[in-house]
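Contents: one structure, followed by commentary.
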Amino acid sequence: MSDGIAAVSKFLTWSVVDGPGNRFVLFLQGCNYRCVTCHNPHTIGVCSDCGACVAVCPSGALTKTGRKVVHDPGPCIACDSCLAACPTRANPMVRRMTVADVLALLRRNAPFLNGLTVSGGEATLHLDFLIDLFTAVRAAPELAHLTLFIDSNGHLPAEGWQRILALTDGVMLDVKAFEPERHRRLTGVGNDLSLASAKLLAEAGKLYELRFLLIPGETDRPEEIAALADLAHELGPETRLRLNAFQHHGVRGPAAGWPAMPRDGVEAAAAVLRAAGVADVAVPSVWLP
Amino acid sequence: MTETLSQLRRIATNPTLSFKQKEHALAVAAENMLPYVLLDAETRAALDARIICDMYEGNAPYKPRYVLPDYGMVLKNGSAHLELPKPATLDEAINTLQIAYHHVPSVTGMPVFIGHLDALLLPFCDGVSDDELYRKIKLFWRYIDRVLPDAFLHADIGPTDNRVARAILRVDAELQQVAPNLTFLYDPEVSGEAMLRLCTDNIIACSKPHIANHPIHREVFDEPGYAIVSCYNALPLRGGAASLSRINLKKVAEASAGEADFLDVQLPRYVDLNARLMRARIDYLFRQSGFFDGNFLVEEGWIDKDRFTAMFGIFAMAEAVDHLQDLAGRTGRYGHDATANALGHRISARLAELVDREPMEHVWRGGAMLHAQAGLSSDAGTTPGVRIPYGSEPDPVSHVQALLPHHRHYLSGVSEILTLDETVRANPEAVFQLAKGALQLGFREFTANVAGNDLVRVTGFMIRLSDIKLYNAAKGSRVNTTALGAEAADTVHILERKPRVVGLELMAGSGV
Ligand code: SF4
Ligand code: SF4
């Protein structure tokens, strides 16, 4: 979609984990993966206005108005009952924002910001909106200091990247798994596009960071770590690699019963990668007890 | 009388107070056996109801609350009274300052201001290597923390980027001491962004320094300028503050029928009563206590009797606004809701206007200066100054945006403590940008704590979390303010401040 409007599930004026410095982060609704380990499953689906969430809302914040389900932030108590009730992993609290709406927020917070990061869901599903938004930011003198980043799973063909890359300073790319069948099992989709994107972005000098989620018994296996090291080598010595650890927070479905990734397992994977010659390996800076 | 005696006995036999701390507490108790300065009945009633509050400064004010000596005088001239020659070397200058500190009175019994240290020491640094300078500052810092262990004790540096300021920042991050507290006076035209970045990197290391918006403060004060002391009070240099009394806005709101009654009737009434309280106390200090008569600090030009202001404090803005919101049937809370925040901003503007209309004899420029007071450890159910309640603060950018419009009104100081979670350690650029943005938009002071630091801010002074644990285990602490921190942690839940702590000023009857 576009015409300068996107479904926004959330935005932040302070984020220190979505690229360099403090970033305004825009989370767009909808994803082309179906990750069983997703920490924000309610960002995956697109609302069909079925109305199932209206009945469970304890505060009257949700109403069915004509065909549309409408959310009123005033009475909403942020209990998230509606998220749990939604059969399509959508979110009735999503708001539709125009490029001008986002620009107004950026202007208001510009002195505090180093940049804008568009995340998801999957940001590149909204390619036209991204192009319109980034073009508008580039044209605004008071936003000239902002760097523009995309957080993506890489499920976008080269033709798509060519349309946005000139406007983009950096991409944070998630590779979910290397073994194709594992990737399909974990995400519902193959990984050829994602791996091709990693190479394309690195060649263009736009790969800010490669991210990899460690899941016990799945992506922490030696063959996965070895493939990750190979990819990092292929992408070049300046590749920044960030290891994340699977946790249960927000996860729904069978993966909620999987073991969480322990700290020593992450440290061990990082040590293997460093020994294999990957210089820049980051691990989570904070561990929940 | 028996009650008084048993109070004295409790102090004398308290196992967690040091000899020095007991001496100070006993002196406070003795002062309070004197009758209170003369008040009219209406003011007395408001004080007894603690709608207005004298900070438990004592019944007979015999010293100004905060003294900000111009230490340049003793470094330039030596001191006849102290039989000190004019210093010629860096060692002599530091030694002279160390001696001077012991002659500065204050409400805590320890100086709240130890000088614009870089400006004072730079003239003595020619021919001193960077390494020597670093080692001498390190010894000086250790001396301050061990001999004057009070977290209200404050050193200023800046606005220039210079060797002494850099050495101090390096030592401060390395030693992680409670004392001295530290403020960098930041001026984007003079300091440079590299210096600001050094300051924000230090904040990540040890939650210090505090960064003051120098251009904004400078235009408030005449020569010889100002200093930031104690809990981020901006006061005239070579003077200070004669006294601080404050209004509990929560109680004023509770006495009001609604917003109009609050702004047009109750607030003017309590501003008037608080001003009367201040006048009575200041009059005693200037006309009866004899503090300024024959005082060598005055005679040698360290202080000037005409440069003491009166600090007009307020606190519990958050509770006042929320109460008025309730009365109006609105659910939006202070710090989070635009309507509630705007009401807070109107209250600050009204306060500034009302305080401006209260003449004060004896004090600098004949009027009091509005101050967002950072609290006492005994305050329960109230939030310091205009801050957002502990534990409910929004993200740091929204936090700054919500409070920004207050700042222009609080000429003698306002401070928020922003709590940053530990992930910023991996992204120091973000802290720099946050500080830069806040200062650029007109925040008077930028103060932040990073979760995971042992050294954290309680309302305004620094404490070590490890000291609080020890104190609570009844082992006592070397540092004066730990008792306040522990009391504040128990009474006002400051450790709930999101990741960690911030905020208070002091224990009833001592200082700050
Ligand atoms: S979070 Fe959802 S269910 Fe809960 S009050 Fe808000 S709209 Fe209603
Ligand atoms: S959010 Fe989900 S449950 Fe609610 S109307 Fe949309 S699709 Fe239906």
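Overview of values
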{"read-out": "Fraction of accessible area attributable to carbon and sulfur, chain B (%, probe 1.4 Å)", "value": "52"}
{"read-out": "Overall form of chain B per C-alpha gyration tensor (a/c, 1.5; a/b vs b/c)", "value": "rounded"}
{"read-out": "Across chain A: Cys residues that no other cysteine approaches within a C-beta distance under 4.7 Å", "value": "A:C31, A:C47, A:C50, A:C57, A:C76, A:C79, A:C86"}
{"read-out": "For the stretch B:312-323, 3J(HN,Hα) per residue [Karplus equation, 6.51 cos²θ - 1.76 cosθ + 1.60, θ = phi - 60°, Hz, x = Gly/Pro]", "value": "9, x, 9, 8, 6, 4, 4, 5, 4, 5, 4, 5"}
{"read-out": "Charge-dipole axis of the stretch B:236-441 as Lys and Arg at +1 and Asp and Glu at -1 on Cβ define it, positive-most pick from B:G258, B:A242, B:T331", "value": "B:A242"}
{"read-out": "Rounded to 5, the percent of DSSP beta bridges in the stretch B:68-229 classed as antiparallel", "value": "10"}
{"read-out": "Förster radius 56 Å - calculated FRET efficiency between B:E132 and B:R357, Cβ distance, rounded to 0.05", "value": "0.55"}
{"read-out": "Antiparallel content of DSSP bridges confined to the stretch A:1-137, in %, to 5", "value": "70"}
{"read-out": "For A:R184, net neighbour charge (Lys/Arg +1, Asp/Glu -1) across residues whose Cβ lies under 13 Å away", "value": "0"}
{"read-out": "Normalised contact order of the stretch B:61-159, rounded percent, pairs of Cα under 8 Å and 6 or more residues apart", "value": "32"}
{"read-out": "Proximal charge balance of B:Y186 [Cβ under 15 Å; K/R count +1, D/E count -1]", "value": "-3"}
{"read-out": "Segment A:A158-A:A275, length gained on full extension (0.36 nm per residue, minus Cα span)", "value": "38.9 nm"}
{"read-out": "Protein accessible surface hidden between A and B, which excludes ligands and nucleic acids, total in Å², probe 1.4 Å", "value": "1500"}
{"read-out": "Inter-probe distance in nm under a simple model that places probes 7 Å from Cα toward Cβ, at B:V190 and A:A256", "value": "5.9"}
{"read-out": "Rounded if a/c under 1.5, otherwise prolate or oblate - the protein assembly as shown, Cα gyration tensor axes", "value": "prolate"}
{"read-out": "Assigned charges on the beta-carbon of Lys, Arg, Asp, Glu; the protein assembly as shown dipole about Cα centre (debye)", "value": "1120"}
{"read-out": "Average beta-carbon neighbours from other chains, 10 Å sphere, peptide B:390-400", "value": "3"}
{"read-out": "Förster-model FRET efficiency, 41 Å R0, A:H248 and B:A260, C-beta, rounded to 0.05", "value": "0.20"}
{"read-out": "Average other protein chain Cβ within 10 Å of Cβ, residues B:439-446", "value": "1"}
{"read-out": "Prolate/oblate/rounded call for the stretch B:415-455, Cα gyration tensor, a/c under 1.5 rounded", "value": "oblate"}
{"read-out": "Exposed-site-free run, longest, chain B (rule: GluC sites (Glu not before Pro); DSSP loop; at most 12 other C-beta within 10 Å)", "value": "B:362-512"}
{"read-out": "Ratio Rg/Rh [Cα only; Rh per Kirkwood] for the stretch B:79-137", "value": "1.01"}
{"read-out": "Chain A - share of DSSP beta bridges that are antiparallel (%, nearest 5)", "value": "30"}
{"read-out": "C-alpha long axis of helix A:263-275 to longest principal axis of chain A, angle in °", "value": "50"}
{"read-out": "Convex hull (Cα only) mean projected area of the stretch A:31-80, reported in nm² to one decimal", "value": "4.2"}
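The values are calculated or read from the model by the stated rules, or taken from the named source; none is laboratory data. What you see is a predicted model; the values in this text were computed from it and never measured. A quick note on method: Cβ atoms are made from the backbone with ideal geometry, for glycine too, and the neighbour counts reach across all protein chains shown. Remember, those area values only see protein heavy atoms, side chains included, never the ligands or the DNA or RNA. Shrake-Rupley method; radii C 1.70, N 1.55, O 1.52, S 1.80 Å.
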